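Undergrad: Below you will find the structure I want to go over with you.
Coordinate-derived values only; no laboratory data. Please read all numbers here as calculations on a predicted model, not as lab measurements. No Cβ is skipped: glycine too gets one built from the backbone with ideal geometry, and neighbour counts run over all protein chains shown.
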Amino acid sequence: YDEANDNQKTNSTGVISTPNVNSNKNTRYQNIYISGLNFKAALERFGGSLDMYIDIIRSFVDTTPELLSKMNNITDENIFDYSINIHGIKSSVRAIGADVLGDLAEELEYSAKAGKTGLTKTGNIKFQQTAARLIEDLKTFLKKYDDDNHAQRLEKEEPSAEAIKKIAAACKDYDIEQIDTLMAELEQYTYKKNNSIVKQIKEKIDLSDFAEVIKLAEEI
């Protein structure tokens with residue numbers, strides 16, 4: 001997009017932006033529009049921290065496609081597992097402010113828990129299509145954001161064991177807000193060693209598998 005032009009710019013994926021030259025990033029990106037995403041409300045959820053919110057979006061884009069790929073073959077035998085997976089994704093999409101997708105996920109969770117395989121299959125098609133469009137729009141936004149800010153994560157030697165144990169404690173308390181906050185802090189960096197454990201923890205949190213997060217923390 002063109003920062004020198006105050007008019008809205010829309011690309012083919014539906015990402016609309018009206019950035020200005022203000023040095024404050026929150027102000028600069030306050031008018032971002034991404035179809036299906038309540039950007040402003042989600043930013044407020046993270047205390048107005050754009051860096052933290054961007055990290056959450058980045059994590060969502062990195063991890064969600066693999067989770068979605070495992071949710072296409074719905075049968076009477078695995079529909080309960082599907083209800084667990086869709087519950088985890090529902091939490092993730094609502095965390096980033098994707099309200100429409102969150103509502104679709106909630107409907108699918110209810111139908112799956114009720115054992116309505118046919119209805120769940122039909123709804124899952126729309127959900128997958130909507131999620132795929134959102135992810136592509138978010139990728140477009142992240143590329144623009146990185147180009148604008150030359151964003152580069154700082155590198156550390158390895159993830160903090162203390163930070164991971166705090167996440168595990170929040171999992172024990174089912175404190176979702178604290179989990180999201182601590183996870184965003186952990187994902188602000190890349191790590192020379194044990195970078196994979198951050199991804200593992202994020203994947204388990206997205207699936208609401210808090211017991212496995214606690215187990216991973218105990219193994220550190």
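Undergrad: What distance in nm separates the simple spin-label points at K215 and L142, each placed 7 Å from Cα in the Cβ direction?
TA: A separation of 2.8 nm, rounded to one decimal place.
Undergrad: While we're here: Kindly write out, for region 205-220 in residue order, the coupling ³J(HN,Hα) from the Karplus curve 6.51 cos²θ - 1.76 cosθ + 1.60 (θ = phi - 60°), rounded to whole Hz, with x marking Gly and Pro.
TA: Using θ = phi - 60°, the values come out as 5, 4, 8, 6, 8, 5, 4, 6, 5, 4, 5, 4, 5, 5, 7, 6 Hz.
Undergrad: Enumerate the calculated ³J(HN,Hα) couplings along region 35-50 in order (Karplus 6.51 cos²θ - 1.76 cosθ + 1.60, θ = phi - 60°), each rounded to whole Hz, writing x wherever the residue is Gly or Pro.
TA: In residue order, the calculated couplings are 3, x, 10, 8, 4, 5, 5, 5, 4, 5, 4, 9, x, x, 7, 5 Hz.
Undergrad: How many nm is it between the label spots at S196 and K113, if each spot is 7 Å from the Cα in line with the beta carbon?
TA: 3.5 nm
Undergrad: Going by how many other Cβ atoms sit within 10 Å of their own, how do V198, V61, V93 line up, fewest first?
TA: On the way: V198 21, V61 18, V93 27.
Final ranking by Cβ density, sparse to dense: V61, V198, V93.
Undergrad: Any idea how many Lys pairs in region 112-182 come in under 19 angstrom at the alpha carbon, given 8 or more places apart or on separate chains? Each step should come with its number before you reach the end.
TA: On the way: K113/K121; K113/K126; K116/K126; K156/K165; K156/K166.
Qualifying lysine pairs in region 112-182: 5.
Undergrad: Neighbour counts of other C-beta atoms within 10 Å: give me F80, F46 arranged from fewest to most. Don't skip to the end; give the middle numbers.
TA: Details: F80 12, F46 21.
Fewest-to-most Cβ neighbours within 10 Å comes out as F80, F46.
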